[in-house]
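Take a look at the structure below.
Values in this text are rule-based calculations from the coordinates and carry no lab data. From a predicted model like this one, the values you see are computed outputs, not experimental measurements. Cβ: placed from backbone, ideal geometry, glycine included. Neighbour counts: every protein chain shown.
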Amino acid sequence: MTETQIEHAVEFRNVTKAFGKLVVLNNVSCQLPKGRTTVIVGPSGTGKSVFLKLLVGLLKPDSGTILVDGQDITRMSQQELFELRKKFGMLFQDGALFDSLTVGDNIAFPLRQHTRKKNKEIMQIVAQKLEQVGLPGIEGKLPSELSGGMRKRVGLARALALNPEIILFDEPNSGLDPVMSDAIDKLIIKTKHLTNSTFIVISHDIPGTFQIADYIVMLYKSKVIASGKVKDIQDSEHPVLKRFFARDSEMPIDPDHGTGQLDLRPYYTGQLQGG
Ligand SMILES: Nc1ncnc2c1ncn2[C@@H]1O[C@H](COP(=O)(O)OP(=O)(O)O)[C@@H](O)[C@H]1O
Ligand SMILES: [Mg+2]
């Protein structure tokens, strides 16, 4: 497919966002294809979570345009943004469940907030979504009774509750051991097969990225330095990408973050044309 034939669920055009002197995103442009899985990768602190917050209108850019389904969300009123958010399901970095609510009430929350469905129908949807994430029948449990992996699954069930057009995942593997992490990736892939939704996943889990992504956008030093199909990114000779995806044990660790992530700064040479 050529670029002009692809429909885009999301488009950033020349988006800049700074907090005081810290320019987090500097003139970022990228297009995320509809109905596919795009993984946004980059070292810690590059603005991946900020990117998602801009996308759902929780933050406003300093300049530039953000299109969701062709609509400029940067010009929307609060009421229009409220409507827009029905299109999105979001799995937050830590699951972000309401600790005082049961699993069932957590998943029911967006349905109660955004629909007029009767409780019986809501609880049927809750049961179906729990089934879909492999946790049938745990409606009555409290989040504190669940393991980290289960909390993520419940978070995913809640993100799926409204059958959203676009599902956002902020670091779905963070805090999980490799086995659980792989299980979540498999669940994302399975869920993708069951829906036509657009998936946008933030990740620095490299093997997982290649497993789940159709497209990859690489953020680095406030810029999109590459975007394209997985294969093109995998085969790229760009030094930053090569280092990021090499999983070379000799790769430098970023001392600032202590997260075991890669410090790509020494390898940055310049822009790569996006695909
Ligand atoms: N609301 C905010 N106010 C000030 N600085 C922020 C805010 N949100 C994020 N930042 C800063 O923006 C940078 C990018 O943050 P973030 O998007 O969370 O990075 P990551 O790529 O790790 O998700 C960080 O330096 C962070 O401290
Ligand atoms: Mg983040």
Subject >> Rg ratio (alpha-carbon, reference 2.2 N^0.38 Å) - the chain >> reply: 1.01
Original post:
Over 29 Å between Cα atoms, which of LYS60/LYS120; LYS48/LYS129; LYS87/LYS117; LYS53/LYS221; LYS86/LYS221; LYS117/LYS186 qualify?
Top reply: LYS60/LYS120; LYS86/LYS221; LYS117/LYS186
Original post:
Based on the Kirkwood radius over alpha-carbon pairs, what is the Stokes-Einstein translational diffusion coefficient of the stretch 65-199 at 25 °C with 0.890 mPa s viscosity, in µm²/s?
Top reply: 159
**OP:** Using only Cα atoms, find the angle between the long axis of helix 103-114 and the longest principal axis of the chain, and express it within 0 to 90 degrees, rounded to the nearest 10.
**Re:** 80
Subject >> Among SER77, SER227, GLY148 - extreme Cα towards positive end, dipole of the chain, charges at beta-carbon >> reply: SER77
Original post:
Pairing the Cα long axis of helix 148-160 with the longest principal axis of the chain, what angle in degrees results, from 0 to 90 and rounded to the nearest 10?
Top reply: 80
Subject >> For the stretch 87-148, Kirkwood radius (reciprocal of mean inverse C-alpha pair distance, Å) >> reply: 12.2
Original post:
Where does the chain land at 222 nm, in deg cm²/dmol rounded to the nearest 500, when only DSSP H runs of n ≥ 4 count, each adding -39500 (n - 2.57), divided by all residues?
Top reply: -10000 deg cm²/dmol
Subject >> Length-normalised contact order of the chain in % [C-alpha pairs under 8 Å, at least 6 apart] >> reply: 22
Original post:
About its Cα centre, how strong a charge dipole does the stretch 56-156 have in debye, to the nearest 20, once Lys and Arg get +1 and Asp and Glu get -1 at the Cβ?
Top reply: 280
Original post:
Can you list the trypsin sites (Lys or Arg not before Pro) in the stretch 77-138 that are in a DSSP coil and have 14 or fewer other beta carbons within 10 angstrom?
Top reply: ARG116, LYS117, LYS118
Original post:
What is the gain in length, in nm to one decimal, between LYS60 and GLN128 on full extension, counting 0.36 nm per residue of separation less the C-alpha to C-alpha distance?
Top reply: 21.0 nm
Subject >> Calculated from backbone phi, Karplus (6.51, -1.76, 1.60) coupling profile of the stretch 195-205 in Hz, x at Gly/Pro >> reply: 10, 9, 5, 8, 9, 10, 10, 9, 7, 10, 8
Original post:
Using θ = phi - 60° and the Karplus curve 6.51 cos²θ - 1.76 cosθ + 1.60, what whole-Hz ³J(HN,Hα) does each residue of the stretch 125-133 get, with Gly and Pro shown as x?
Top reply: 5, 4, 4, 5, 5, 5, 4, 4, 9
Original post:
In debye to the nearest 20, how big a dipole does the chain give about its Cα centre with +1 on each Lys and Arg Cβ and -1 on each Asp and Glu Cβ?
Top reply: 720
**OP:** At 7 Å along the Cα-to-beta-carbon direction for both SER100 and HIS114, put a label point, then send me their distance in nm to one decimal.
**Re:** 2.4
Original post:
Where nothing but the Cβ of Lys and Arg (+1) and of Asp and Glu (-1) is charged, how large is the charge dipole of the stretch 1-115 around its Cα centre, in debye to the nearest 20?
Top reply: 180
